[in-house]
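Step one of this worksheet: look at the structure below.
Each reported figure results from applying straightforward, stated rules to the coordinates on display, with no laboratory input. Just so we're clear, the structure is a prediction, and the values are computed from it rather than from any experiment. As a convention, Cβ positions derive from the backbone with ideal geometry for all residues, glycine included, and neighbour counts pool all protein chains shown.
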Amino acid sequence: MNNPEPGSRPDRSKAIAVEAGLDLLKTEGRAAAAAFMEDAGVPLAVIARVLNEPDRRRLPARADPQYND
């Protein structure tokens, strides 16, 4: 089994959910974005980090070479 490198995303579906939640943040606001990500199974610590500390975010999933097929 491959262990993900530090800082890598072990769960692509959650990474995509975070991206969609951040898009929702722009149009519907924080509460809607947080609720969407929580419903998608994103851990609360991750939701808090991406909403409260945007400078600590990883590359967007669409820009991460790990996901370029």
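Some observations on this one:
- Under the simplified labelling scheme, the Ser13-Asp39 pair shows an inter-label distance of 1.6 nm, with each label point 7 Å from Cα along Cα→Cβ.
- Extension gain, Asp23 back to Ala48 (0.36 nm per residue minus Cα-Cα distance, nm): 7.4 nm
- Ranked by how many other beta carbons lie within 10 Å on average, peptides 44-54, 28-38, 12-22 from highest: 12-22, 28-38, 44-54
- Gain in span if fully extended, Arg57 to Ala31, counting 0.36 nm per residue against the direct Cα distance: 7.5 nm
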